[in-house]
Structures are given as structure tokens and as C-alpha cells.
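K.L.:
If you scroll down you'll find the structure; I have some questions about it.
The values are calculated or read from the model by the stated rules, or taken from the named source; none is laboratory data. It should be emphasised that the depicted structure is a prediction, and the values quoted were computed from it without experimental measurement. As a convention, Cβ positions derive from the backbone with ideal geometry for all residues, glycine included, and neighbour counts pool all protein chains shown. These accessible areas exclude ligands, DNA and RNA; they are computed on the full protein's heavy atoms, side chains included. Shrake-Rupley method; radii C 1.70, N 1.55, O 1.52, S 1.80 Å.
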Amino acid sequence: MLAEPGREIRLAEIDPAETAGHSKSDSAKKIRRLRETLAELQEALYAEHQRSVLIVVQGMDTGGKDGAIKNLCLGLDPNDVQLTNLKYPTAEEWDHDFLWRCH
């Protein structure tokens, strides 16, 4: 079941084993290609000193975000990676867009 704008979501109706048609082997291949692309971008953009890549990972607590980040960023130079944890926004942060905290 996919979430659609304006449609109410009932967690009891969602099968936690649902993979949306993705197999582990296909996903592993896609992740390897993404890692290669990220490594190439990291090298090129670091040399350029003008642009960056922003990856936003959103999910509920214990949703596997940390593992996904570690898996995706495997092989990148850790000196060139900046992680920002966005906890519940403060009153001041509500007055700005959601990327304000990253700046």
C-alpha cells in the first residue's frame, strides 16, 4: 500500500513484510550503483568547492535510518561527509523552513 496525498493511512492495514516489489538482490545492486555515483560526486564536488549533495533520510524511530546511512555512505571519505540530526523543532525552528537547521 502506498501513501497518497489526502488519503488516510491505517497502520493496521499495512503489511510490514511488504517490499513494494523490490528484492534484496535488486536493492543491493541499486545501492552499489548509488555508492559509486556518490563517490564520483563527492570527488568532483569537493574539487569544485561550490555545490554539495543533500541526502534526506526520514523515518520513524527504529526505522533503520542509521543503518541505511551507513550502508549508503560506505566507501565515502568521512572527512567530506557532514551528518545533521534533525530532532523535534524548537519554537524558533518552526518559524523557518525545514532546512534552516542545516544552514
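K.L.:
Say whether the condition of being open to solvent by 80 Å² or more (accessible area, probe 1.4 Å) and in a loop (DSSP other than H, G, I, E, B) is met by at least one residue in the range 19-41.
P.N.:
First pass over the range 19-41, keeping only residues open to solvent by 80 Å² or more (accessible area, probe 1.4 Å): 22, 24, 29-30, 32-34, 36, 40.
Within this subset, residues satisfying the condition of being in a loop (DSSP other than H, G, I, E, B) are 22.
Yes: the range 19-41 contains one or more residues that are open to solvent by 80 Å² or more (accessible area, probe 1.4 Å) and in a loop (DSSP other than H, G, I, E, B).
K.L.:
Given (1) at pLDDT below 90; (2) under 30 Å from PRO16 (Cβ atoms), identify the lone condition not met by ASP97.
P.N.:
(2)
K.L.:
Which of the residues spanning the range 42-55 are of a type outside the set (D, E, K, R) and either open to solvent by less than 90 Å² (accessible area, probe 1.4 Å) or over 28 Å from TYR88 (Cβ atoms) (or both)?
P.N.:
Of everything in the range 42-55, those that are of a type outside the set (D, E, K, R) and either open to solvent by less than 90 Å² (accessible area, probe 1.4 Å) or over 28 Å from TYR88 (Cβ atoms) (or both) turn out to be GLN42, ALA44, LEU45, TYR46, ALA47, HIS49, GLN50, VAL53, ILE55.
K.L.:
Quick one: in the range 1-18, of everything that is assigned to a helix (DSSP H, G or I) and free of Cβ contacts under 8 Å to residues at least 12 places away in the same chain, which residue is farthest from CYS73 (Cα to Cα)?
P.N.:
Taking the candidates together, the pick is ALA12.
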